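Working notes, structure below.
The values are calculated or read from the model by the stated rules, or taken from the named source; none is laboratory data. Computed from a predicted structure; not experimentally measured. Because the Cβ atoms are built from the backbone with ideal geometry, glycine has one as well, and the counts that use them run over all protein chains shown. Remember, those area values only see protein heavy atoms, side chains included, never the ligands or the DNA or RNA. Shrake-Rupley method; radii C 1.70, N 1.55, O 1.52, S 1.80 Å.
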Amino acid sequence: MSDLKLTPSLLSMLERIERHSGTLLMLAVTASGGQDGKLNKLRGAGYVVKCDHPSVIEGAWPAEALAITEAGRTALAKHRAETTEKKGQRSGDKRVIFRRDGERYIVFLGDDRIGFVRRADNGTWNHVDTTMAHSGYAKTRERAGQLLRRRYERMVREGVI
């Protein structure tokens, strides 16, 4: 099986052919930016084959009946699994959440309180972690939250908390 990189346009074409479980009748467009190059790539990889279809008529508009091969189904399944895996990794990430408490914002990572940030007189944001052992300044509230998150994750890895 070929290791063809499934670009978004190739992927959409392969999915469209798969959706029509039997065969899909397509016009071969040979003008620049047409489908012919995409179809040739999919055929070359063994993902798509030309098959017989009763409504294909020889004429001015060259139509092809296309079917997805087992290699095409495998490549599509592999791509979907990789996409799901990537999404699963991101969904495990917790966002930094700020909750206002008077003049400061308490910073949470999921349900865990990781510190607080407050606006300094010079316009920067002072951040302090929950252990009160670390503080610093950042240009934005979001950057202060990122720094608190990084410190919190490092402390968890090291077993401090």
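Tell me which of these Val156 doesn't satisfy, since it passes every other one: (1) open to solvent by less than 60 Å² (accessible area, probe 1.4 Å); (2) at negative phi; (3) not in a strand (DSSP E or B); (4) not hydroxyl-bearing (Ser, Thr, Tyr).
Here Val156 meets the rest and fails (1).
For the stretch 105-130, which positions are among the hydrophobic types (A, V, I, L, M, F, W, C), more than 18 Å from Arg95 (Cβ to Cβ) and surrounded by 14 or more Cβ atoms within 10 Å (Cβ to Cβ)? It would help to see each step written out before you state the result.
The initial filter retains those residues of the stretch 105-130 that are among the hydrophobic types (A, V, I, L, M, F, W, C), namely 106-109, 114, 116-117, 120, 125, 128.
Narrowing the set further to residues that are more than 18 Å from Arg95 (Cβ to Cβ) leaves 120, 128.
Once the filter is applied, which keeps residues that are among the hydrophobic types (A, V, I, L, M, F, W, C), more than 18 Å from Arg95 (Cβ to Cβ) and surrounded by 14 or more Cβ atoms within 10 Å (Cβ to Cβ), the stretch 105-130 yields only Val128.
Could you look through the stretch 1-49, keep only residues that are assigned to a strand (DSSP E or B) and surrounded by fewer than 14 Cβ atoms within 10 Å (Cβ to Cβ), and pick out the one that is modelled with the lowest pLDDT? Spell out how you get there, then give the answer.
Looking only at the stretch 1-49, we keep the residues that are assigned to a strand (DSSP E or B), and these are 24-27, 48-49.
If we keep only those that are surrounded by fewer than 14 Cβ atoms within 10 Å (Cβ to Cβ) as well, we get 25, 27.
On the way: Leu25: 68, Leu27: 58.
The residue in question is Leu27.
Yes or no: Ile68 aliphatic (A, V, I, L, M), open to solvent by 50 Å² or more (accessible area, probe 1.4 Å) and at pLDDT 80 or above? Quick ask: steps written out before the conclusion?
Numbers: aliphatic (A, V, I, L, M): yes; open to solvent by 50 Å² or more (accessible area, probe 1.4 Å): no; at pLDDT 80 or above: yes.
When the stated conditions are applied, Ile68 does not pass them.
Please determine whether any residue of the stretch 114-122 is polar (S, T, N, Q) and in a helix (DSSP H, G or I).
At the first step, the residues of the stretch 114-122 found to be polar (S, T, N, Q) are 122.
Okay, now just the ones that are also in a helix (DSSP H, G or I), so none.
Looking through the stretch 114-122, none of the residues is polar (S, T, N, Q) and in a helix (DSSP H, G or I).
Step by step: first the residues of the stretch 131-152, then only those that are closer than 11 Å to Ile114 by Cα and free of Cβ contacts under 8 Å to residues at least 40 places away in the same chain, then the one that is surrounded by the fewest Cβ atoms within 10 Å (Cβ to Cβ). Which residue is that?
For the stretch 131-152, the residue satisfying everything is Met132.
For Ile106, are the conditions met, namely being farther than 18 Å from Val156 by Cα and of a type in the set (Val, Ile, Thr)?
On the way: farther than 18 Å from Val156 by Cα: yes; of a type in the set (Val, Ile, Thr): yes.
Criteria met by Ile106.
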